[in-house]
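*Asks:* Below is the structure I would like to discuss, written out as C-alpha cells.
The values are calculated or read from the model by the stated rules, or taken from the named source; none is laboratory data. These numbers were taken from a predicted model, which means no experiment stands behind them. FYI the Cβ positions are ideal-geometry reconstructions off the backbone, even for glycines, and counts take in every protein chain you see.
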Amino acid sequence: MAKRKKNQEQLPEGMSRRQAKLAARAAERAALARDPRPYGNLPFEADLIALQEFVPSATVKVAVPGAERDVYLCTVLPGGGAVLVRDDGAYVALQTRNQSYNPHRDLTRALEWAITAQPGEELESAVAENVEPKLDKLIPAMAPEDIRVFDDFTWWIPAGTEVNPQYAQAIKAANDSVMPSRRITTDIAGAAWWIDTGDKAHIRWVRTENEDKVVRALARIAARGELKLGEETKFAGVFRTHGIAVPVWDLDPDRDYTNYAAELKRVDKAILAELDNDAQLSSEERRQLENIKSRQVTI
C-alpha cells in the first residue's frame, strides 16, 4: 500500500521526490521570511511607520475598496487587539499584541476582516498567513493632514456610551501613560514627529531614503557641527526600523514644537545634498559615523 501511494505521488516535472521536498521547504521558508522594507512601495510609508512604532494615540481615516463603512487606522486598541468594529466605523490597530515578521501582511489581513465584520465584533489577532494581497490594494492613499492626534484614549469610547467602572479605570491608566505627540508640518522629506516624554522632548524623523546613505549623510553633517536643531538640542542617535533610518534629537520640552520647522528644513537640505556623495569620508566624518552607529537602535 505505502509503495503504491509513493508511485502515485504527483511530482513537479523534472524533479525527484527529494528535490520536490527541498523545493517545498524552501517555499515555506520564503513565505515566512521577513520583508526588509514592508511599507516601501507606499507613498505614506513614513507616517505609517511612525504610527506603528512610536506615536501613542492617533487615528487616520483611509479609503478601503469594497468597505461599506468608514475605516480608520489607529495606533492601539484596548487590550492590544487588531480590529474593533463599531457603529461609527471599523478601527484597525497598527500596534497590536500579536504580530508576524511582516506587519504589512498583518495589516492587510486585518483590513480584509474589517470589510465584512459587523458592529460589535472584534478581532484579537491578525497574524498573517502570507496569502494576503498587497497592502496598496487596500490602502491606495493616506493623507498626513487626515491624521488625528490625541492626548488620551477617549476616542476608544463612542459618544453616548455608558462605561462600566472597570473599563473606565483601564482607560484612565492608558491615558496616564500617553506622551503628547505632534506631527511637525513643514516641507521636508519623510515625516518628523515631536514626542514629549516628560523630562525631555524628542524629534523622531522618519526618513525613507536608503538607510545607510542617510546615516553617512548625518555623519558628514555632524562633522561640520551642523546637526543640531538649535542651541538647546542634541542629536541623540538613530532608530532603524522597517528598513529605514529614523534620526532622533533630544529637545527642551518647554520649547514649542512648531519652532523647529526652519531647522528641520536646513538639515533636510543638507541630508539631501549628501545622500549621493560617494567621496571617501574624512577622519572626522568616520569618527562621527562610528559614533552614530554606536548609538543606533533597531526597533
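*Asks:* List the residue pairs whose Cβ atoms are under 7 Å apart, where the first residue sits in the range 130-150 and is under 18 Å from P38 (Cβ atoms), the second is polar (S, T, N, Q) and in a loop (DSSP other than H, G, I, E, B), and the two are 6 or more positions apart or on different chains.
*Replies:* Matching pairs, first to second residue: D136/N41.
*Asks:* Moving to a separate point now. When the range 147-162 is examined, which residues are found to be of a type in the set (S, T, Y) and either touching a strand residue (DSSP E or B) at 6+ places or on another chain (Cβ under 8 Å) or assigned to a loop (DSSP other than H, G, I, E, B) (or both)?
*Replies:* Selection gives T161 alone.
*Asks:* In the range 263-280, which residue that is farther than 12 Å from I221 by Cβ, touching a residue at least 60 places away in the same chain (Cβ under 8 Å) and surrounded by fewer than 16 Cβ atoms within 10 Å (Cβ to Cβ) is nearest to the chain's Cα centre (by Cα)?
*Replies:* K265
*Asks:* In the range 206-225, how many residues are of a type in the set (S, T, N, Q) and surrounded by fewer than 19 Cβ atoms within 10 Å (Cβ to Cβ)?
*Replies:* Looking only at that region, the number is 1.
*Asks:* OK, next. Taking the range 179-195 on its own, how many of its residues are outside any loop (DSSP other than H, G, I, E, B) and closer than 11 Å to S57 by Cα? Even if it seems obvious, please write down each step before you answer.
*Replies:* First, pick out the residues of the range 179-195 that are outside any loop (DSSP other than H, G, I, E, B): 181-183, 191-195.
Adding the requirement that they be closer than 11 Å to S57 by Cα leaves 181-182.
Residues that pass the stated criteria total 2.
*Asks:* While we're looking at this one, here's another question. Could you tell me how many of the residues in the range 75-89 are surrounded by fewer than 24 Cβ atoms within 10 Å (Cβ to Cβ) and either under 18 Å from P133 (Cα atoms) or over 17 Å from the mean Cα position of the chain (by Cα) (or both)?
*Replies:* So the count comes out to 8.
*Asks:* A further question on this structure: For the range 257-267, state whether one or more residues are closer than 17 Å to A46 by Cβ and in contact with a helix residue (DSSP H, G or I) (Cβ under 9 Å, 6 or more places away or on another chain).
*Replies:* There is at least one residue in the range 257-267 that is closer than 17 Å to A46 by Cβ and in contact with a helix residue (DSSP H, G or I) (Cβ under 9 Å, 6 or more places away or on another chain).
*Asks:* Let me ask another. Which ones in the range 41-95 are in contact with a Gly (Cβ under 9 Å, 6 or more places away or on another chain), at pLDDT 95 or above and assigned to a loop (DSSP other than H, G, I, E, B)?
*Replies:* Result: D70, Q95.
*Asks:* State whether one or more residues within the range 226-237 are crowded, with 16+ Cβ neighbours inside 10 Å and closer than 27 Å to Y101 by Cβ.
*Replies:* Among the residues of the range 226-237, at least one is crowded, with 16+ Cβ neighbours inside 10 Å and closer than 27 Å to Y101 by Cβ, which makes the answer yes.
*Asks:* When only residues in the range 136-194 that are among the charged types (D, E, K, R) and over 30 Å from V248 (Cβ atoms) count, which is surrounded by the fewest Cβ atoms within 10 Å (Cβ to Cβ)?
*Replies:* Step by step, filter the range 136-194, then rank; the result is E162.
*Asks:* I need a count of the residues in the range 100-118 that are in contact with a helix residue (DSSP H, G or I) (Cβ under 6 Å, 6 or more places away or on another chain) and part of a loop (DSSP other than H, G, I, E, B).
*Replies:* 1
*Asks:* Then there's this: Note down all Cβ pairs under 6 Å where the first residue falls in the range 247-259 and is part of a strand (DSSP E or B), the second is small (G, A, S) and surrounded by fewer than 12 Cβ atoms within 10 Å (Cβ to Cβ), and they're at least six residues apart or on different chains.
*Replies:* none
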